[in-house]
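These notes concern the structure reproduced below.
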Amino acid sequence: MSNRTRLALVLLAVSFIFAIKPYYGGEIRVRLNEPADFSFAPSSYSNLVFYSLIYENLFYLKPDGDIETHLFEEYRYDRTTRILELRLKDNICLSNGKSITAKHIKLSIDLFLDLNLGTSRKLRQVIKNIRVEGSRVLIELIHDDPDIVSALTLPELVLASGSDQVFSGIFYPEEWVKGQYIILKPNPFYPGGRSYLDSLRVVFYDYYYPDVFLSSPGLKNEKFVELNAGVYQNIYLVFPEGKVGSNTRVALHSLLKDFFKSENPQNLVELKALTSEEESPTSLEIQQFSQSRVWSILRYSQIKLYIPSSLNYLEAPLMKFLEKRRLSIEIIYVSDNQLVNFMNSTSVKYLLMSRTFNRRVPIAEKIKIILKEMSFTRFDESHLKLLNQLDEVDNLKNEELLMDLAARIEGIIINDGYLLPLCQRRFSLYIKTDLKGIELDYYGKPLFHKVRTR
């Protein structure tokens with residue numbers, strides 16, 4: 001072989017190496033709604049995306065059903081003993097360099113089980129006991145469930161450190177300029193490997209086409225790839241205490257319906273069903289008042305409308321709308337993390353709430369979430385009975401019976417007047433064509449583990 005041929009082969013091999021090796025460096029801009037703080041609170045799709053950057057999930061479920069984890073060397077379920085064993089990898093750390101231990105895993109699962117979520121309630125009905133033995137976590141089940149690992153892939157189940165200033169995700173926050181941006185830096189101890197990026201900037205204003213952003217489906221722009229997240233966010237008017245006259249309830253609902261139709265913040269569309277119109281067994285006919293009647297009922301009502309901080313993007317357009325209508329409604333924002341505790345100590349008659357649903361989740365599960373998570377202190381024996389009926393009918397796998405029961409429950413929820421649907425927003429994720437490596441998991445959450453600028 002001649003020297004020239006050898007040199008050509010060497011150059012060819014080198015070219016393949018550089019073609020395969022990912023490029024490290026650069027910064028990308030991701031546009032999301034501004035979070036209230038760094039404490040995990042996935043109350044909206046935008047919040048879920050943000051917190052997924054700084055908190056690690058125990059497991060990831062891919063659209064094809066594959067399960068991945070960056071935390072566990074081994075996991076196996078024994079159907080005889082009904083015990084799931086999770087064995088931690090060696091030498092994995094949090095963002096401050098301290099070791100991730102089995103106690104962190106137990107803490108994380110316990111925190112999730114204590115949440116006021118329908119998915120938490122479902123898992124509480126499965127898990128009997130959690131114990132730690134060295135680097136192992138042993139989860140004993142109440143009954144046999146071979147799909148228990150899939151149940152632990154929920155986006156809301158993240159690795160908690162026990163401190164809101166220590167993080168487990170691929171990035172950690174370095175700088176926050178309120179109302180403008182948060183700069184995230186790669187976590188050097190991330191169990192899944194260092195990010196290819198030098199930094200990720202989360203922007204909260206209408207930056208001219210950032211690298212990644214959430215928007216309504218159907219945006220035509222050849223510079224971006226559209227990924228359909230398969231999720232939608234519903235906003236409801238909730239009456240947690242029930243001590244509201246029917247005229248006031250209908251008037252406030254009519255007012256907010258007009259607001260979302262006329263101001264249309266973030267492309268929200270009218271919602272005429274409890275979950276989504278495509279899957280709803282019935283189209284809800286809810287009484288509406290004229291503008292003049294709304295004004296006459298609400299002008300002296302002294303209403304205090306409580307809104308979780310994840311919906312603070314409504315603040316400016318809603319205040320402008322109320323000024324136009326010459327209505328004085330006090331708007332009070334509450335941290336999503338503190339909402340349940342706040343309501344236990346404060347009288348809250350009027351509340352805006354949002355819930356994010358995945359199109360893959362069956363309608364029975366969505367109705368259970370609404371019944372459990374949005375009835376607050378009004379949750380009583382009758383609600384529990386409805387939940388049990390849903391479980392029974394769902395287990396029968398009879399679609400007709402299920403739709404009949406779902407329609408009846410929707411009627412009860414609306415007629416009892418403890419929540420009224422307002423509007424809905426659907427999401428697509430738009431990614432610049434020159435970015436590589438972003439994909440969606442089974443739940444429609446973007447994964448940034450492999451993202452790179454080229």
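The values are calculated or read from the model by the stated rules, or taken from the named source; none is laboratory data. Quick caveat, the model's predicted, so the values are computed rather than measured. A quick note on method: Cβ atoms are made from the backbone with ideal geometry, for glycine too, and the neighbour counts reach across all protein chains shown.
Selection of segment 95-146 for residues being surrounded by fewer than 18 Cβ atoms within 10 Å (Cβ to Cβ), more than 30 Å from P188 (Cβ to Cβ) and of a type in the set (S, T, N, Q) yields N116, Q125, N129.
Give the residue, chosen from S95, S161, that is among the polar types (S, T, N, Q), modelled with pLDDT of 95 or more and assigned to a loop (DSSP other than H, G, I, E, B).
Working: S161 fails: modelled with pLDDT of 95 or more.
Being among the polar types (S, T, N, Q), modelled with pLDDT of 95 or more and assigned to a loop (DSSP other than H, G, I, E, B) holds for just one of S95, S161, which is S95.
Only one entry in D404, D391 is surrounded by fewer than 17 Cβ atoms within 10 Å (Cβ to Cβ), in contact (Cβ under 8 Å) with a residue 60 or more places away in the chain, assigned to a helix (DSSP H, G or I) and charged (D, E, K, R), namely D404.
If you check F376, F321 for being closer than 26 Å to A251 by Cα, modelled with pLDDT under 85 and surrounded by 19 or more Cβ atoms within 10 Å (Cβ to Cβ), only one passes: F376. What are the residues in segment 425-447 that are part of a loop (DSSP other than H, G, I, E, B) and either more than 21 Å from Y232 (Cα to Cα) or in contact with a Pro (Cβ under 6 Å, 6 or more places away or on another chain) (or both), if any? Within segment 425-447, T433, D434, L435, G437, I438, Y442, Y443, K445 qualify. Close Cβ contacts (under 9 Å, 6 or more residues apart or on different chains) running from residues in segment 57-73 that are over 21 Å from V361 (Cβ atoms) and in contact (Cβ under 8 Å) with a residue 60 or more places away in the chain to residues that are surrounded by 20 or more Cβ atoms within 10 Å (Cβ to Cβ) and among the acidic types (D, E) comprise H70/E56; L71/E56. Figure legend. Inter-residue proximity from segment 221-243: first residues on the phi > 0 side of the Ramachandran plot, second residues surrounded by 21 or more Cβ atoms within 10 Å (Cβ to Cβ) and in a strand (DSSP E or B), beta-carbon distance below 7 Å, spacing 6+ or different chains. No pairs are indicated.
Within segment 101-109, is there a residue that is farther than 22 Å from L48 by Cβ and either in contact (Cβ under 8 Å) with a residue 40 or more places away in the chain or of a type in the set (D, E, K, R) (or both)? Yes - at least one qualifying residue is present in segment 101-109.
Taking segment 187-210 as the search range and keeping residues that are at pLDDT 95 or above and among the charged types (D, E, K, R), which one is nearest to K261 (Cα to Cα)? So, considering only residues that are at pLDDT 95 or above and among the charged types (D, E, K, R), the one nearest to K261 (Cα to Cα) is R201. Here P265 meets the list (1) under 22 Å from D336 (Cβ atoms); (2) touching a Gly at 6+ places or on another chain (Cβ under 8 Å) almost entirely, failing just condition (2). The criterion of at least 1 residues that are in contact with a Gly (Cβ under 6 Å, 6 or more places away or on another chain) is met by the following strands (runs of 3 or more DSSP E) wholly inside segment 191-252: 224-238. The residues in segment 155-181 that are of a type in the set (A, V, I, L, M, F, W, C), more than 23 Å from E73 (Cβ to Cβ) and touching a residue at least 60 places away in the same chain (Cβ under 8 Å) can be counted, and the count is 1.
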